[in-house]
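The values are calculated or read from the model by the stated rules, or taken from the named source; none is laboratory data. Quick caveat: nothing in here was measured; it's all calculated off a predicted structure. Cβ coordinates were reconstructed from backbone atoms using ideal geometry, including for glycine residues, and neighbour counts include every protein chain displayed.
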Amino acid sequence: MKFENKSLKFLEQYLNTASPTGYEHNGQKIWMNYIKPYVDKIEFDHYGTCYGIINPEAEFKVVIEAHADEISWYVNYITDDGLIYVIRNGGSDQMIAPSKVVNIHGEKGIVKGVFGWPAIHTRGVNSNEPVPKLENIFIDCGATTKKEVEDLGIFVGCMITYPDEFFQLNDKYFVCRALDNRIGGYMIAEVARMLKENKKKLPFGLYITNSVQEEVGLYGADMIADTIKPNIAIITDVTHDTSTPMIEKKKEGDQKCGDGPVVFFAPSVHHVIRELIVDTAKKKKIPFQRAAASRATGTDTDAFAHSNGGVPSALISLPLRYMHTTVEMVSKEDVSNVIQLIYETLLNIKPDMNLKYH
């Protein structure tokens with residue numbers, strides 16, 4: 001698959017737009033505007049999950065889903081001398097915070113700040129050297145009093161995001177914060193585009209769904225599954241590239257950027273849908289990898305699978321390096337292959353297919 005200029009422009013704009021958990025609306029507007037020409041109808045719920053529908057009158061419903069939110073921080077406490085302490089919104093990593101520039105989304109607009117950290121000269125080099133913890137990382141926005149901070153429009157509850165933007169590395173990788181999982185929203189949008197441009201007619205209703213609040217508990221997927229009540233759900237998210245240093249493959253599995261989409265095996269993954277995906281990959285010669293998840297996948301797959309008395313669901317993941325950092329990294333070839341695998345799988349789904357274990 002060739003990445004067209006229009007789709008790459010969408011991807012860049014979408015990734016560069018801050019969409020932290022609970023505040024996904026700006027990114028969702030960009031996403032809905034992009035998919036609008038490729039679907040028959042667009043809907044969204046009270047908390048901001050958006051979905052485009054192809055064949056909205058069909059009784060049999062298939063969901064392809066990603067999540068739209070990114071990790072971030074909340075302002076939690078402002079000291080008398082104008083320093084800001086934070087709490088997580090999602091799985092934000094305190095280890096990468098020191099020296100990072102941040103955008104504080106205040107009541108008067110965005111205010112720049114930095115995660116400060118004592119200089120190496122003052123820390124010593126012994127076992128007592130401090131390490132970043134939630135209790136000791138802090139943001140300096142150039143203020144010297146609490147009142148000065150508040151005069152900037154910054155109060156407890158303001159959202160804090162990283163400004164790191166999209167770029168391509170060695171023409172082989174996409175790099176950005178929040179590839180987890182707005183790259184998924186991009187991929188399902190591209191599936192909708194391909195279906196439209198290739199004039200494919202589906203014998204079911206397709207719900208291209210971009211859910212909110214995955215990073216704090218799969219809540220958006222949980223809500224929208226009850227709204228749509230699908231017959232089948234295919235989820236796409238990211239998973240760890242375990243080929244980089246300091247990752248134990250015996251624990252985390254063996255997945256690598258560039259080796260193809262990752263098909264998951266887990267209790268919430270339905271055998272029939274998973275085997276349909278695997279058979280499609282083999283037939284279409286799409287490279288793929290396998291991974292196993294103990295108990296839960298930790299993705300929106302679990303929310304869909306356990307909804308409405310049980311929805312046959314499967315998970316296609318994209319290998320990603322450096323998850324929950326500002327330099328998340330995925331292979332362009334893998335992105336193309338995930339899009340192709342979802343697209344080809346949809347063309348093999350029939351409303352009368354036997355979904356019972358046998």
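Scan I160, I154, I104 and give me the residue that is in contact with a Phe, Trp or Tyr (Cβ under 6 Å, 6 or more places away or on another chain) and within 21 Å of T79 (Cβ to Cβ).
Among I160, I154, I104, only I160 is in contact with a Phe, Trp or Tyr (Cβ under 6 Å, 6 or more places away or on another chain) and within 21 Å of T79 (Cβ to Cβ).
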Exclusive hit being on the phi > 0 side of the Ramachandran plot, touching a residue at least 24 places away in the same chain (Cβ under 8 Å) and among the small types (G, A, S), set G153, G184: G153
Members of the stretch 330-358 found to be part of a helix (DSSP H, G or I) and in contact with a Leu (Cβ under 8 Å, 6 or more places away or on another chain), listed by number: D334, V335, V338, Y343, T345, L346
Failed item in (1) part of a loop (DSSP other than H, G, I, E, B); (2) touching a residue at least 40 places away in the same chain (Cβ under 8 Å), with V102 passing the rest: (1)
Residue match in the stretch 292-312 (condition: at pLDDT 95 or above, in contact with a strand residue (DSSP E or B) (Cβ under 8 Å, 6 or more places away or on another chain), surrounded by fewer than 21 Cβ atoms within 10 Å (Cβ to Cβ) and assigned to a loop (DSSP other than H, G, I, E, B)): yes
Count of the stretch 191-240 residues which are among the aliphatic types (A, V, I, L, M), under 22 Å from V263 (Cα atoms) and either at pLDDT below 95 or buried (at least 21 other Cβ atoms within 10 Å of the Cβ) (or both): 12
Residue list for the stretch 340-358, restricted to those being surrounded by 19 or more Cβ atoms within 10 Å (Cβ to Cβ) and out of contact with any strand residue (DSSP E or B) (no Cβ under 9 Å at 6 or more places or on another chain): Q340, Y343
Filter pass, T209 being hydroxyl-bearing (S, T, Y), touching a Phe, Trp or Tyr at 6+ places or on another chain (Cβ under 6 Å) and either in the same structural domain as Q340 (by TED's automatic domain parsing) or assigned to a helix (DSSP H, G or I) (or both): yes
Residue within the stretch 129-144 that is charged (D, E, K, R), in a strand (DSSP E or B) and closer than 21 Å to A178 by Cβ present: no
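Would you be able to tell me the number of residues in the stretch 81-92 that are in a loop (DSSP other than H, G, I, E, B) and surrounded by 14 or more Cβ atoms within 10 Å (Cβ to Cβ)?
The number of residues fulfilling the criteria is 3.
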Odd one out for K199, checked against (1) touching a residue at least 12 places away in the same chain (Cβ under 8 Å); (2) at positive phi: (1)
Residue ID - nearest to R295 (Cα to Cα), chosen from residues in the stretch 256-269 that are out of contact with any helix residue (DSSP H, G or I) (no Cβ under 7 Å at 6 or more places or on another chain) and surrounded by 20 or more Cβ atoms within 10 Å (Cβ to Cβ): A266
